[in-house]
Amino acid sequence: MKTDGQSKLKRTLSGGGFAVTAECGPPRGADASVIRKKGETLKGCVDAVNVTDNQTAVVRMSSLAACLHLIDIGVEPVMQMVTRDRNRIALQSDIMGAYSLGIRNLLCLSGDHQSLGSQPEAMNVFDIDSLNLVHAVRVMRDEGKDMSGFSLIGAPEMFIGAAENPFADPLSYRVVRLAKKIDAGVDFIQTQCVYNLPRFKEWMRQAREEGLTEKVYIMAGITPLKSTRMAQFMAAKVAGMDIPQEVIDRMSAFTGQRAIEEGMNIALETIAAVKSIPGVRGIHIMAIEAEERVPELVKAAGLSQRPAK
Amino acid sequence: MIVAKQKPLAEIKEMLRPFEKVLILGCGTCVKTCFAGGEDEVAMLGAALRLAFRQDGKTIRTEELTVERQCEDAFIQESAQAVSRNEAILSLACGAGVQAMARRFARAVLLPGLNTTFMGVLEKPGLFTEECAGCGDCELDTFGGICPVTRCSKRLLNGPCGGSKNGKCEVSPDIECAWQLIIDRLTLLGQSDNLKRYIPAKDWRPSLSGGPRRLVREDHVI
Ligand code: SF4
Ligand code: SF4
């Protein structure tokens, strides 16, 4: 296993390339072959693969362990970390451990509330929020100190990411929050799935106006829809999702395989549109439990050359 | 005030089953205000229990009394005789009241009749809402008088999560997003600069996380 070297995702982005990442969720069980299979599918067509941390508050194989499986098969992971389940002691300790094992990218999140997940009886932690986590990792990396100010024996040189939802309310505050994340130390942002293009453009415009696109790499979230049902479910049930009626209407004109194709068309149009927005530096594909479609999408979008030139 | 809710009758009945003489002791301050443990609730619960036991063919003797505050020794004293006459005390006070009684009457069997839920206010008739988690280091000045520690479901101190939609929290449409309220109010107050400031990780030592808390007032020690 390779445990030295820098983040390739960072290299792509800082070199001016248009980056592509994809998301993959670890299994609800201990079978490593699931994550390895997903990794093999994504290998070579994306710069890095995000590994979710008990996503939607459903208990799964740990993100750290799943990241190691990816490294083992030659795929660069982005380890996602939520502040819902671990306090600052556990978070910092796991970050050091993750770095020591070769993980170079970290995405800091607060996480979906456990009441929406598979074990709503659980007590949450929320000792710190996602911005505090970003700040802590930045200080660990740049100053070599943990949250108590203790000088670490070896700093975790993480490429630090965070999520932003341009579609959540209030819009006026979304850019202020982005600025705060940048001040706290974030290097790259992966956004919530883009379906509402006008709103995304407006958010990007505000970000450019504040000079934020000069300071952070923004990657637009893309999720190909598979059916009308999926579109309706996501619009109604997934926290922070914004799917305009016209997108749902486009999907409901088709069923079965044709609907899948229409979902791909919408995704391709969205990729083309976000690529032309100044300040968008990449895409982040969240093909929920449909990782096998990612290579096709990346190819059709003309982005298969990895790393990008 | 401390907001509490009466336990289901069946649960209370189960707790009382081993006893024949029970004192139902109300508390006339917080839990009276939230209609859980004042004189009226004591009387209603007494009647309901007697009826429920009678239906089972069992008689239970209940005595009813309400003191001003079960969390204060001076008021607790008033219940001493009634306590000694009964086998068990069903306390309709908050958890602090129940424990204050247990501390005062070492040999009395204390049973909680309420579920103590939160520190809050009566927002409108029939609706009580949680407002303060007693974190021990109040920062309401920063947040326009709205507490994110208590009222944001994720205790976020640096702004809303991605789940805030139309003023509601991702957890439930019945929950107002605290951050929407904070942003609106700070904007109204002309203090939106507060929103730009990075709020460092909270020091939880003054909270329950630091262990059970005590407050010593040297000037009152005798
Ligand atoms: S900041 Fe702390 S003390 Fe102040 S209202 Fe919130 S929980 Fe209560
Ligand atoms: S929706 Fe609002 S109140 Fe709910 S967790 Fe997110 S920021 Fe907090």
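The values are calculated or read from the model by the stated rules, or taken from the named source; none is laboratory data. Model, not experiment: these values are computed from the prediction. Glycine gets a Cβ as well: all are built from the backbone with ideal geometry, and neighbour counts include every protein chain shown. Protein only, heavy atoms only, side chains kept; ligands, DNA and RNA dropped before computing areas. Shrake-Rupley method; radii C 1.70, N 1.55, O 1.52, S 1.80 Å.
Results, tabulated for the structure shown:
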quantity	calculated
Residue-count net charge about A:Pro26 - beta-carbon cut-off 13 Å; Lys, Arg +1, Asp, Glu -1	0
Qualifying GluC sites (Glu not before Pro) for region A:259-309 [loop in DSSP, other Cβ within 10 Å: at most 11]	A:Glu289
Under-5 Å amide H pairs with A:Ile218, H placed in peptide plane, nonlocal only	A:Ile189, A:Arg281
Accessible area in the full protein assembly, largest first, 1.4 Å probe, for A:Met230, A:Met251	A:Met230, A:Met251
Region B:133-205 - charge dipole about Cα centre, Lys and Arg +1 at Cβ, Asp and Glu -1, debye rounded to 20	180
For region A:285-290, 3J(HN,Hα) per residue [Karplus equation, 6.51 cos²θ - 1.76 cosθ + 1.60, θ = phi - 60°, Hz, x = Gly/Pro]	9, 10, 8, 3, 6, 9
Per principal axis, descending, Cα span of region B:2-118 in whole Å	38, 28, 18
Over chain A: helical MRE at 222 nm, DSSP H runs n ≥ 4 each giving -39500 (n - 2.57), nearest 500	-12500 deg cm²/dmol
Inter-probe distance in nm under a simple model that places probes 7 Å from Cα toward Cβ, at A:Ser93 and A:Phe254	5.0
Per residue, the convex hull volume that the Cα atoms of region A:191-309 enclose (Å³)	108
Model label zone, B:Ile175; criterion: amide N under 15 Å from point 7 Å along Cα-to-beta-carbon; scope region B:114-151	B:118, B:129-133, B:147-151
Degrees, to the nearest 10: B:39-55 long Cα axis against longest axis of chain B	50
Which listed pairs, of A:Lys226/B:Lys168; A:Lys43/A:Lys275; A:Lys10/A:Lys181; A:Lys215/B:Lys168; A:Lys10/A:Lys180; A:Lys8/A:Lys38, have C-alpha distances above 24 Å, in listed order	A:Lys226/B:Lys168; A:Lys215/B:Lys168
Mean ellipticity per residue at 222 nm, deg cm²/dmol - from DSSP H runs of n ≥ 4 across chain B, formula -39500 (n - 2.57)	-7500 deg cm²/dmol
Spin-label pair B:Ala106/B:Gln81, simplified geometry with 7 Å Cα→Cβ offset, distance in nm	2.4
Modelled FRET efficiency - R0 51 Å, B:Ala52 with B:Asp203, Cβ distances, 0.05 increments	0.55
Whole-number percent relative contact order across region B:91-195, with pairs defined as alpha carbons under 8 Å at least 6 apart	16
Farthest toward positive dipole pole in region B:2-118 [+1 Lys/Arg, -1 Asp/Glu at C-beta], among B:Val67, B:Val98, B:Asn86	B:Asn86
Directionally averaged projected area (convex hull, Cα atoms, chain B), nm²	16.0
By accessible area with a 1.4 Å probe, ligands and nucleic acids excluded, highest first: order of B:Arg185, A:Arg104	B:Arg185, A:Arg104
Phi-based couplings in Hz for region A:267-284 (Karplus 6.51, -1.76, 1.60; Gly and Pro marked x)	4, 5, 4, 5, 4, 4, 5, 5, 4, 8, 7, x, x, 7, 10, x, 10, 10
Angle between chain A longest axis and helix A:171-184 axis [Cα atoms, degrees, rounded to 10]	30
Within chain A: Cβ-based charge dipole about Cα centre, in debye rounded to nearest 20 (Lys, Arg +1; Asp, Glu -1)	500
B:Met119 long-range amide H proximity, modeled H, under 5 Å	B:Val3, B:Glu131, B:Cys132
For region A:194-216 and region B:157-222, distance of Cα centres in Å	28
Exposure rank, largest accessible area first [A:Ile288, A:Ile218; 1.4 Å]	A:Ile288, A:Ile218
A:Glu164 long-range amide H proximity, modeled H, under 5 Å	A:Gln190, A:Thr191, A:Gln192
Point-charge dipole on Cβ atoms (K/R +1, D/E -1) for region A:1-126, about Cα centre, debye to 20	240
Folded to 0 to 90 degrees: helix B:178-188 orientation relative to chain B principal axis, Cα	50
